[in-house]
Amino acid sequence: MARRYAYWLCQIGGWTAYAGMRITLSSFFQTVTWGRAASYVVLIGAGVLYTHLYRRLAKRHGWTQMSLGQLAPRVVAATLVASVVLHFTMDTMGRYVLELDFYEEIDSEMGVLLASVVNGWILLMLWSLIYFGVHYFWSYRKAEVDKWKLEAQAETARLKALKLQLNPHFFFNSLNSVRALIAEDPDRAQRMVTRLARLLRGTLQADDMKTVSLEEELSTVRTYLELEKVRFEDRLRHQIEVDDEARSHPVPFMLVQTLVENGIKHGVACCRGGGVITVRAEVVDEALRICVTNPGTLDTEEGGTGLDNARERLELLFGAEASLTVENTGAETVSATAMLPIRVVPDPPAAQEDVTLVARG
C-alpha cells in the first residue's frame with residue numbers, strides 16, 4: 001500500500017512538475033493562453049496514463065527480473081512507441097480541440113514529428129531510468145535483508161545444534177559424580193542433587209539469552225566446581241580472582257564453565273596429586289580478559305568439543321574481535337585465555353529465539 005501511494009504520488013507529481021517547467025519556460029517567450037495551459041493539463045493526464053500502461057506492460061512480462069542486456073532493447077522500443085503515441089495525442093488535441101500549434105518555428109510536418117517524438121522519447125527514457133533504478137534499488141535492499149535473515153537463521157541453527165550436542169554429556173558427567181556419593185554419604189548426595197538441580201534450572205532459565213553477566217557465569221562455575229569436588233575431593237582446589245570492573249560485562253553462557261571443565265579434564269584429572277584451577281578476569285585495553293589456569297603440560301593446542309564450540313560461539317557473538325587460545329604458561333601450567341570486546345552483543349537482523357549453550361570439556 002505504501003509503495004502504491006508513493007508510485008501515484010511520484011507519477012502525478014512528476015508529470016505536474018514537468019508541465020509546470022514547460023509553462024514557466026514558455027512564459028519567457030510568449031503569452032501563456034488558457035488554451036495552452038489546458039494543453040499542459042492534457043499532457044499531465046496523457047503522461048500519467050501512458051507511463052502507467054507502460055509500467056503494467058513491464059510488470060506483466062517480468063522486465064524487472066531481466067538482465068540489463070535483456071531490458072535495454074525492450075525499454076528503447078517501448079519508450080519509442082509511447083513517445084509516438086504521446087505525440088499524436090498532443091498534436092490531435094492541440095490542432096483540432098485547442099487550435100494550437102506547438103511547433104510554430106518548424107515548417108515541415110516531418111520536422112514537427114521528429115522534434116516531438118525525440119523530446120517525448122528522451123522524457124520517457126528518463127522516466128524509465130528512474131522507475132527501473134528505484135525498482136532495482138528496492139530489490140537489492142530486499143535481497144540484503146533476506147541475506148541477513150538467512151545468516152541469522154543459520155547461526156541460530158548452529159547454536160541449537162551445539163546445545164543439543166553438549167547438554168546431555170555435561171549432565172551425564174555430573175550425575176555420575178553424584179551417584180558415587182549415594183551409598184557413601186546420602187546427605188551430601190542430596191545436597192549435590194540440589195546443586196545439580198539449581199544448575200539445570202539456571203540453564204533452562206537462560207534459554208532465551210545469548211549472554212549473561214560474568215558475575216552470573218561465575219555463580220554457575222562455583223556450582224559446577226562443588227559438583228566436581230564430589231569426584232575429586234581434595235585433589236581439586238580452585239581460586240577465583242575477578243576485578244569488580246569486569247563482573248558486569250556480558251559473556252557467552254557457560255563459556256567460563258567450558259574452560260574450567262577442560263582444565264579439570266586435561267589437567268587435574270591427569271595429575272596424581274590433582275591441582276588448582278585458577279580463574280582470573282580483568283578489563284585490559286577495552287577488552288575483557290578471562291584466563292583459566294590448570295596444572296599439566298600442553299604439547300599442541302588442545303581441541304575437543306568444548307573448546308571448539310566455545311570458539312565458534314565467540315565468533316558468532318563477537319566476530320573476529322574475540323579470541324580463545326590455549327598455551328603452556330609455565331613448566332607445569334596450561335592457560336586458556338578468552339578475549340572479548342567490551343560491547344553489548346546485538347540481536348540478529350531477524351527476530352530469532354536465542355539459544356543458550358551448556359558446554360563440556
>> What does the extension gain come out to for Asp185 and Met125, with contour length at 0.36 nm per residue minus their alpha carbon separation?
In response: 12.8 nm
>> Please compute the length gained on full extension between Ala6 and Glu327, using 0.36 nm multiplied by the number of residues separating them and subtracting their Cα-Cα distance.
In response: 109.5 nm
> Taking the Cα centre of each part, how many Å lie between the range 111-126 and the range 217-287?
Replying inline: 79 Å
>> Test of understanding: ordering Thr16, Thr24, Thr211 by Cβ neighbours within 10 Å, fewest first, what list do you get?
In response: Thr24, Thr16, Thr211
> Computed over the Cα atoms, what is the radius of gyration of the range 196-294 divided by 2.2 N^0.38 Å, N being its residue count?
Replying inline: 1.09
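Throughout, read-outs are computed from the coordinates displayed, never taken from laboratory work. What you are looking at is a predicted structure, and each value in this text was computed from that prediction instead of being measured. So basically every Cβ, Gly included, is an ideal-geometry build from the backbone, and we count neighbours across all protein chains shown.
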